[in-house]
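Written out below as structure tokens is the structure these notes cover.
The values are calculated or read from the model by the stated rules, or taken from the named source; none is laboratory data. Since the structure is predicted, the reported quantities are computational estimates derived from the model, not experimental observations. Positions of Cβ are backbone-derived with ideal geometry, glycine not excepted, and every protein chain shown enters the neighbour counts. Ligands, DNA and RNA are stripped out before the accessible areas are found, and what is left, the full protein with its side chains, is counted by its heavy atoms. Shrake-Rupley method; radii C 1.70, N 1.55, O 1.52, S 1.80 Å.
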Amino acid sequence: MRIGLPRALIFYYYYPLWKSFFENLGMDVVVSDVTSKELIEKGIKVTVPEICVPIKIFNGHVINLLSKNVDYVFIPRFVSIDRGEWFCPKFIGLPDLVKYTIEEAKERILTIDIKGKREDTCNWRNYRPLCNILHVSEKQLKKALKNASEYWHQFRQYSMEGFTIEEAMQICDNKLTRNQILSQRSSEITIGLLGYVYNIYDPFVSMDIIPKMRSMGVNIITFEMLKEEEMSRQLPRKSKNIYWTFSKKIHQSARVFMKERNVDGLIHVTAFGCGPDSIVGKMIELDSDVYQKPFMTIRVDEHTGESHLITRVEAFVDMIKRKKYSEKRGEIA
Amino acid sequence: MNIYIGIDVGSVSTNAVAINEDGDVVFEQYIRTNGQPIESVKESLKTLEKALEGKPYKVKGAGTTGSGRQLAGIMIGADIIKNEITAHAAATVHFHPDVRTIFEIGGQDSKIIIIKDKMVVDFSMNTVCAAGTGSFLDHQAERLGIPIQEFGDLALTAKKNVRIAGRCTVFAESDMIAKQQYGFSKAEIIKGLCDALVRNYINNLGRGKSLHPPFVFQGGVAANKGIKAAFEREIGHEVIVPKYYNVMGAIGAALLAKEHVEKYGMKTSFRGFDVAEYNFTPTTIDCNGCANSCEVIKVDLNGKTVAMWGDKCGRWANSLMG
């Protein structure tokens with residue numbers, strides 16, 4: 001059976017898990033193409049105009065998968081992966097959203113509810129509904145989940161060593177070694193790049209911001225490179241907790257970057273119209289004043305021009321580099 | 001005399017300057033781009049060459065900035081190609097070393113730059129909205145039938161205040177019509193427009209930033225006395241308009257070029273004034289190598305391709321190397 005995984009939204013965080021899981025069950029895993037202009041335009045066409053661009057992109061990927069003759073498109077409903085925390089409503093309603101947007105997808109959506117307190121989502125009860133549909137036994141399912149979880153933790157480990165998600169995936173697939181990647185790196189300054197995985201790693205949304213900044217001599221760190229303990233000790237539970245899991249991670253990691261990793265600056269990449277980000281972005285901005293770190297927000301939608309993004313990023317990097325050099329030369333200037 | 005050339009190719013104007021070793025401006029020119037960046041750069045170079053005629057000089061460096069910086073940089077063989085923020089800040093700090101806040105309003109974009117100890121520490125740029133830029137004024141001046149050059153002075157003659165909704169050029173226009181029907185004079189309406197532009201600018205770009213004096217106001221719109229006055233009213237402090245307010249980006253590009261060649265002790269890559277006679281042809285190719293359908297910009301010099309950019313994958317950009 002061919003299972004399609006849309007290369008969008010939370011895919012960037014869980015791909016190794018799902019790949020390993022479905023392959024362990026003897027399925028063929030088909031991933032949609034890398035986001036392109038054509039793909040996103042197809043998504044925009046079918047989606048309501050007001051929604052954020054990541055959802056439009058997601059629909060584009062579903063359409064792309066349907067053209068690849070998959071039996072199912074896997075669209076889990078992410079409800080919660082930690083106590084008292086939730087996902088953005090669009091994630092909670094994602095399978096329904098796709099069902100009523102893309103007529104041809106209706107019969108081919110493979111969905112389960114992700115609930116519980118495990119970040120690896122691998123509580124077998126979450127996945128049990130798949131047994132009947134995919135004709136596998138509970139025993140097979142549990143075994144596949146165990147292997148998938150291990151594989152995913154290995155992938156997370158690579159991230160926490162400082163590799164980007166793309167790099168971590170390549171190491172997992174044995175396409176590149178850690179040393180091969182590290183030997184190509186050189187940097188003068190470090191910037192904390194904040195944003196959800198589907199904004200940072202989608203080449204269309206972020207306009208390849210990571211390779212662009214690296215070519216300017218910038219070392220990048222992102223939230224998924226931090227360990228859970230490192231993040232959670234930043235913001236002890238308060239009466240008002242940020243109850244969106246990944247928004248909370250972004251906020252906490254911003255603190256770690258400023259307080260402990262001594263980054264030279266922070267850039268927040270956010271999609272126009274993102275509700276949680278309107279709160280989290282402001283909170284980071286306030287923190288950046290306290291810790292005296294340069295902070296810039298890049299807001300993107302489907303109309304964003306690349307030249308604007310480049311000008312801003314270039315100016316931001318220039319600003320930090322010039323300041324650093326003058327300090328190095330001992331000039332108060 | 002050793003000189004450094006700076007060229008700022010913007011959406012509305014193309015500015016060229018030459019500075020000497022001391023950073024003094026020896027030549028400056030502000031012309032309208034009129035959608036023809038190549039022609040305007042050539043024209044600037046011709047005028048500069050003529051202005052230098054008879055004087056012994058040597059071009060030691062060249063830099064470009066502005067939205068057309070890439071194209072202009074390739075044309076003239078610039079030593080550096082810099083973004084507008086860095087260029088503007090470099091020029092302002094050169095003339096006003098104690099500056100803390102720079103207001104820059106150009107034809108289609110506007111920026112605010114915060115400086116501390118001569119260094120840029122923060123900035124913001126307008127995103128998709130042009131309501132706080134020169135184009136907004138140009139458009140309204142045309143509607144009122146008043147040449148843009150007289151706009152500022154007229155605003156200063158207003159006797160009464162009128163509040164115009166300046167959040168958006170489209171709504172500002174309907175609001176202006178309403179206020180005209182209420183019987184406000186042209187001068188008052190124009191003053192209202194200046195206030196609206198500044199309010200918009202400060203709200204959009206200055207939001208969340210603490211603005212400290214000295215304030216320096218530059219860019220093409222700084223010629224407008226009405227806007228300067230509106231800024232002073234809005235922030236309650238004197239605003240300095242520098243002598244070379246409309247070519248500051250170009251000066252910055254020249255200063256940065258000078259800094260660059262001095263730092264690395266290199267010889268300039270400036271192609272020389274003959275560039276004005278060269279045949280540059282930029283063309284756009286719709287690449288159909290993949291689903292991204294990138295618009296690739298290709299520049300030919302005398303029939304030979306010298307630069308390509310705009311492709312996501314580097315297929316074209318890299319094809320010229322090696």
- Task: Kindly indicate whether any position in the range A:62-71 is within 14 Å of another protein chain (Cβ to nearest Cβ), at pLDDT 95 or above and within 25 Å of A:ASP301 (Cβ to Cβ).
- Result: yes
- Message: When you scan the range A:268-282, do you find a residue that is in contact with a Lys or Arg (Cβ under 8 Å, 6 or more places away or on another chain) and of a type in the set (Asp, Glu), even just one?
- Response: no
- Task: Kindly list the number of the only condition in (1) more than 9 Å from every other protein chain (Cβ to nearest Cβ); (2) free of Cβ contacts under 8 Å to residues at least 40 places away in the same chain that fails for A:GLU285.
- Result: (1)
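For the range B:42-69, name all the residues that are in a strand (DSSP E or B) and either open to solvent by less than 70 Å² (accessible area, probe 1.4 Å) or within 13 Å of B:ALA16 (Cα to Cα) (or both).
The initial filter retains those residues of the range B:42-69 that are in a strand (DSSP E or B), namely B:58-65.
Those that are in a strand (DSSP E or B) and either open to solvent by less than 70 Å² (accessible area, probe 1.4 Å) or within 13 Å of B:ALA16 (Cα to Cα) (or both): B:VAL59, B:GLY61, B:ALA62, B:GLY63, B:THR64, B:THR65.
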- Just one of (1) more than 20 Å from the chain's Cα centre (by Cα); (2) closer than 18 Å to B:ALA223 by Cα trips up B:GLY134, so point out which. (1)
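Looking only at residues that are among the β-branched types (Val, Ile, Thr) and either touching a His at 6+ places or on another chain (Cβ under 8 Å) or more than 19 Å from B:ARG233 (Cβ to Cβ) (or both) in the range B:140-175, which one is surrounded by the most Cβ atoms within 10 Å (Cβ to Cβ)? Spell out the reasoning first.
Just the residues of the range B:140-175 that are among the β-branched types (Val, Ile, Thr), to begin with: B:146, B:148, B:157, B:162, B:164, B:169-170.
Applying the additional criterion that residues be either touching a His at 6+ places or on another chain (Cβ under 8 Å) or more than 19 Å from B:ARG233 (Cβ to Cβ) (or both) yields B:146, B:148, B:169-170.
Values: B:ILE146: 16, B:ILE148: 17, B:THR169: 20, B:VAL170: 9.
Filtering the range B:140-175 for residues that are among the β-branched types (Val, Ile, Thr) and either touching a His at 6+ places or on another chain (Cβ under 8 Å) or more than 19 Å from B:ARG233 (Cβ to Cβ) (or both), the one surrounded by the most Cβ atoms within 10 Å (Cβ to Cβ) comes out as B:THR169.
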- Inside the range A:320-333, can you point out the residues that are within 9 Å of chain B (Cβ to nearest Cβ) and either among the hydroxyl-bearing types (Ser, Thr, Tyr) or touching a Phe, Trp or Tyr at 6+ places or on another chain (Cβ under 7 Å) (or both)? A:SER326
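Right, A:ARG7: basic (Lys, Arg), surrounded by fewer than 18 Cβ atoms within 10 Å (Cβ to Cβ) and in contact with a strand residue (DSSP E or B) (Cβ under 6 Å, 6 or more places away or on another chain) or not?
No: the conditions fail for A:ARG7.
On the given criteria, is A:PHE257 more than 27 Å from A:THR311 (Cα to Cα), crowded, with 22+ Cβ neighbours inside 10 Å and modelled with pLDDT of 90 or more? Talk me through it step by step, then tell me what you get.
Working: more than 27 Å from A:THR311 (Cα to Cα): no; crowded, with 22+ Cβ neighbours inside 10 Å: yes; modelled with pLDDT of 90 or more: yes.
It is false that A:PHE257 is more than 27 Å from A:THR311 (Cα to Cα), crowded, with 22+ Cβ neighbours inside 10 Å and modelled with pLDDT of 90 or more.
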- Task: Scan the range B:72-98 residue by residue and report those that are buried (at least 23 other Cβ atoms within 10 Å of the Cβ), more than 12 Å from every other protein chain (Cβ to nearest Cβ) and over 24 Å from B:LEU45 (Cβ atoms).
- Result: B:THR92
- Query: Taking B:VAL216 and the conditions (1) away from chain A (no Cβ under 14 Å); (2) part of a loop (DSSP other than H, G, I, E, B); (3) crowded, with 16+ Cβ neighbours inside 10 Å, which numbered condition does it fall short on, given that it satisfies the others?
  - Reply: (2)
- Task: Could you please give the count of residues in the range B:272-322 that are touching an Asp or Glu at 6+ places or on another chain (Cβ under 8 Å) and of a type in the set (D, E, K, R)?
- Result: 3
- Task: Determine if the range A:108-120 includes at least one residue that is surrounded by 14 or more Cβ atoms within 10 Å (Cβ to Cβ) and either free of Cβ contacts under 8 Å to residues at least 24 places away in the same chain or over 23 Å from the mean Cα position of the chain (by Cα) (or both).
- Result: yes
- Query: How do the pairs read when you match residues in the range B:162-185 that are within 15 Å of B:ALA141 (Cβ to Cβ) with residues anywhere that are in a helix (DSSP H, G or I) and open to solvent by 40 Å² or more (accessible area, probe 1.4 Å), using Cβ under 7 Å and keeping only pairs 6 or more apart or on different chains?
  - Reply: B:GLY166/B:ARG199; B:THR169/B:HIS139; B:GLU173/B:ARG143
- Query: Considering the range A:288-312 alone, what residues qualify as being out of contact with any Asp or Glu (no Cβ under 8 Å at 6 or more places or on another chain), open to solvent by less than 20 Å² (accessible area, probe 1.4 Å) and at the interface with another protein chain (Cβ under 9 Å from one of its Cβ atoms)?
  - Reply: A:MET296
